[in-house]
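The values are calculated or read from the model by the stated rules, or taken from the named source; none is laboratory data. Keep in mind that what you see is a predicted model, and the values were worked out from it rather than measured. Cβ placement follows ideal geometry from the backbone for every residue including glycine, while neighbour counts extend to all protein chains displayed. Note: areas computed on protein heavy atoms with side chains; ligands, DNA, RNA excluded. Shrake-Rupley method; radii C 1.70, N 1.55, O 1.52, S 1.80 Å.
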Amino acid sequence: MIQVLWFTLLVRFLVLISLQEVTSHGDHPFAKIGIHQVTFALNDAAYVKVSPEILGSKDQNSELVTVHISNPNPSIDDWIGVFSPANFSDSTCLPENSRFSPPYLCSAPIKFQYANYTNPNYKVIGEASLKLQLINQRSDFSFALFTGGLSTPKLVAVSNTVAFENPNAPVYPRLAQGKTWDEMTVTWTSGYGINEAEPFVEWGKIDGDQRCSSAGTLTFDRHSMCGAPARTLGWRDPGFIHTSFLKDLWPNQVYTYKLGHKLLNGTIIWSRMYKFKSSPYPGQDSVQRVIIFGDMGKDEADGSNEYNNFQPGSLNTTKQLIDDLENYDIVFHIGDICYANGYLSQWDQFTSQIEPIASTVPYMTASGNHERDWPDSGSFYENNDSGGECGVVAQTMFQVPAVNKDKFWYSTDYGMFRFCIADSEHDWREGTEQYNFIKQCFASVDRRKQPWLIFIAHRVLGYSSSLNYAVEGSFGEPMGRDGLQKLWQKYKVDIAVYGHEHNYERTCPVYENICMSDEKNHYKGGLNGTIHVVAGGAGASLTPFAPLKTTWSIYRDYDHGFVKVTAFDHSTLLFEYKKSRDGKVYDSFTVSRDYRDILACTVDSCSSTTLAS
């Protein structure tokens, strides 16, 4: 009894610590800025000058600018805010309620940095210079100098306006699997509406004939958001999101493509040329390599956003994936995509960050709490984690082969793999629409052709010894395993992968809390259970583990990383966990088996039989 009480007190103490550590589940950095508290302290002797004023002259979509600051009354908490559109006064927005006036500044900056970030003598001399990176976001930019810190900012000076040569240009393509194996979708962002230009993709095999496929166009407005800050200070016009469907692809072929917009006068605005490799035929026997991770978020390469430990591993993970781009075929980012949390400018910055990856291989997404959850919006969890986005932004920015994108569950085939992607932000329990989908996804796969069956969800519907779950006594999402466990076992799901907890953990092949094998690294024959993996450490602030070792946990790592799964053929699979800081493998296992091993019965996997003829 004393030991139980001691453990309970210890867990509660560690939870209090973890609540301070896991900042990515708290306020967004921009929420620290007291926009409603802004006052004017304009000083004619202070100035902010930015150069160059015209960006993208060589068709680049990102560029560094130099910000020169001069302030006759400097202080250690002076900071620069980058605003886009450049006019950020209250004349550009309406109050949420007619009885209240808008704040002096009606939008949050898209990024910010302290004036003394690279100038330690700024407080003494009042002069500073910063290098900040801007990306093409369909509007112009201005830079504002504030004193008084973030909580009570006073506006001191505003810079000249800076803009990209063509702010409406098509940018940041994102590939995704279509509803059939021979279809690839291309989604991108531009400033051209359907009344200004016709969007399309020109594509074809390398050195082959090129064809054009039209694109559909979507957007959303402030009133599509469910609450603040997404529909207030965090709102920013998303531009137009275009999606084209490239069909009747040959398997394993390299295609080139470029994005186009035909203006009303006949002029065509082009993106640069990109390329991708089409998917293998379902069951095709070739080497197939898959990357899976969750909770990556974004970070600024220029060091801006003073709270840059919000997703400290994000740039490392992105860099590893860009450097290794030739050695994998498809990516699954399984929820908590960019942690915009209602500050919509961050979605552009995220799609810019992943462009080298998402423009080259299918970038498949799952729905997480920071994309979907909002009270009274139909989400299974009644919290504010999406910052008022309530799924609208993620569902528009990224294409998936779901029947209804608000019900963000779907299946996709990649060669010898079948992936069943659940939406943990909607009810998955037995008897629900989603439960029936998951069951059908498992039951419909031909394991002779596609022997590797993978289940994916954002929240840990299986097993985790993270402190958050340990204190609840569930060691996984409460109710998560209740109905799904028998499906995993019946249909012999090989691996289940989750995000949400910002760490890495791998279990034994487990069923009902019991390891079904004593092997840890080299599995031969049937697994007799499902291996559960938490891969939510791709970028966001890390989540601690409980101070005890569960019987089913084989490997745990409190660090940033991602997983890679390689199917060499129908009988051999390699699983690897790599750290984001160096790209090296820190955990791995192999599976070697024949088709008859999948057919063989194990505990609760086969119906009762009789010897009667």
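For the chain, what relative contact order do you get, as a whole percent, if you take Cα pairs closer than 8 Å and at least 6 residues apart? List each step's numbers first, then the result.
On the way: 1562 pairs, mean separation 76.0, N = 613.
That works out to 12 percent.
Considering only DSSP states other than H, G, I, E and B, which trypsin sites (Lys or Arg not before Pro) in segment 243-339 qualify as loop sites with at most 14 other Cβ atoms within 10 Å? Don't skip to the end; give the middle numbers.
On the way: sites: LYS247, LYS258, LYS262, ARG272, LYS275, LYS277, ARG289, LYS298, LYS319; in loops: LYS247, ARG272, LYS298.
Filter output for segment 243-339: LYS247, ARG272.
With contacts defined as alpha carbon pairs under 8 Å and 6 or more residues apart, what's the relative contact order of segment 489-613 in percent?
About 27 percent, as a whole number.
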| How far is helix 314-323 tilted, in degrees, relative to the longest principal axis of the Cα atoms in the chain, given as a value from 0 to 90 rounded to the nearest 10? | 70
| message | Can you work out the Karplus-derived ³J(HN,Hα) for every residue in segment 445-461? Use 6.51 cos²θ - 1.76 cosθ + 1.60 with θ = phi - 60°, whole Hz, and x for glycine or proline. | response | 7, 8, 6, 5, 8, 10, x, 9, 10, 10, 9, 10, 8, 6, 5, 7, 7
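Among DSSP beta bridges whose residues both lie in the chain, state the antiparallel percentage, nearest 5. Intermediate results must be reported in sequence, preceding the final value.
Details: 102 of 129 bridges.
Roughly 80 percent of the DSSP beta bridges within the chain come out antiparallel.
What is segment 377-510 by shape, rounded, prolate or oblate, if you read a ≥ b ≥ c off the alpha carbon gyration tensor as root eigenvalues and call it rounded for a/c under 1.5, prolate for a/b larger than b/c, and oblate otherwise? Mind showing how you got there, number by number?
On the way: a/c = 1.68, a/b = 1.12, b/c = 1.50.
Verdict is oblate for segment 377-510.
Percent relative contact order of segment 519-567, based on C-alpha pairs within less than 8 angstrom and at least six residues apart?
That works out to 45 percent.
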| Mind checking the angle between helix 2-21 and the chain's longest principal axis? C-alpha axes, 0 to 90 degrees, to the nearest 10. | 40
| query | Taking amide hydrogens as modeled 1.01 Å from N in the peptide plane, which residues meet the under 5 Å criterion relative to ASP587, leaving out close sequence neighbours? | reply | TYR577
| request: Please name whichever of VAL201, GLY148, VAL158 sits farthest to the positive end of the charge dipole of segment 139-248, dipole taken about the Cα centre and charges placed at Cβ: Lys and Arg +1, Asp and Glu -1. | output: GLY148
| message | Can you give me the C-alpha center-to-center distance between segment 289-359 and segment 393-419, rounded to a whole angstrom? | response | 19
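DSSP loop (so not H, G, I, E, B), at most 11 other Cβ within 10 Å: list which trypsin sites (Lys or Arg not before Pro) in segment 404-468 pass both filters. Spell out each step's value before the answer.
Working: sites: LYS405, LYS407, ARG418, ARG429, LYS439, ARG447, ARG448, LYS449, ARG459; in loops: LYS405, ARG429, ARG447, ARG448, LYS449, ARG459.
Of the trypsin sites (Lys or Arg not before Pro), the ones in loops of segment 404-468 whose Cβ has at most 11 other Cβ atoms within 10 Å are ARG448.
Cα-based Rg of segment 194-334 per 2.2 N^0.38 Å, rounded to two decimals? Intermediate results must be reported in sequence, preceding the final value.
Numbers: Rg = 19.3 Å, N = 141, 2.2 N^0.38 = 14.4 Å.
Computed over Cα atoms of segment 194-334, the ratio equals 1.34.
Given the rule -39500 (n - 2.57) for each run of at least 4 DSSP H residues, summed and divided by the residues of the chain, what is its mean residue ellipticity at 222 nm, to the nearest 500 deg cm²/dmol? Don't skip to the answer; put the middle values down first.
Numbers: 11 runs with 90 residues, N = 613.
So the calculated ellipticity at 222 nm is -4000 deg cm²/dmol.
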| task | Calculate what fraction, in whole %, of the accessible area of the chain sits on carbon and sulfur atoms when a 1.4 Å probe is rolled over the protein chains. | result | 51
| query | Near LYS58, which aspartates and glutamates are there with a Cα under 15 Å away, not counting those fewer than 8 places off in the same chain? | reply | GLU165
| request: Holding the Cα-Cα limit at 32 Å, pick out from LYS205/LYS579; LYS405/LYS520; LYS490/LYS584; LYS405/LYS492; LYS277/LYS584 the pairs that are longer than that. | output: LYS205/LYS579; LYS405/LYS520; LYS490/LYS584
| request: Compute the acute angle (0 to 90°) between the alpha-carbon long axis of helix 433-443 and the principal axis of greatest extent of the alpha-carbon atoms of the chain; round to the nearest 10°. | output: 50
| task | Kindly write out, for segment 543-552 in residue order, the coupling ³J(HN,Hα) from the Karplus curve 6.51 cos²θ - 1.76 cosθ + 1.60 (θ = phi - 60°), rounded to whole Hz, with x marking Gly and Pro. | result | 9, x, 8, 5, x, 9, 9, 7, 5, 9
| Under a 1.4 Å probe, what is the accessible area of the chain per residue, stated in Å²? | 40
| task | Would you kindly derive the ³J(HN,Hα) couplings of segment 343-354 from the backbone phi angles with the Karplus curve 6.51 cos²θ - 1.76 cosθ + 1.60 (θ = phi - 60°), listing them in order in whole Hz, with x for Gly and Pro? | result | 9, 5, 4, 5, 5, 4, 5, 5, 5, 5, 4, 9
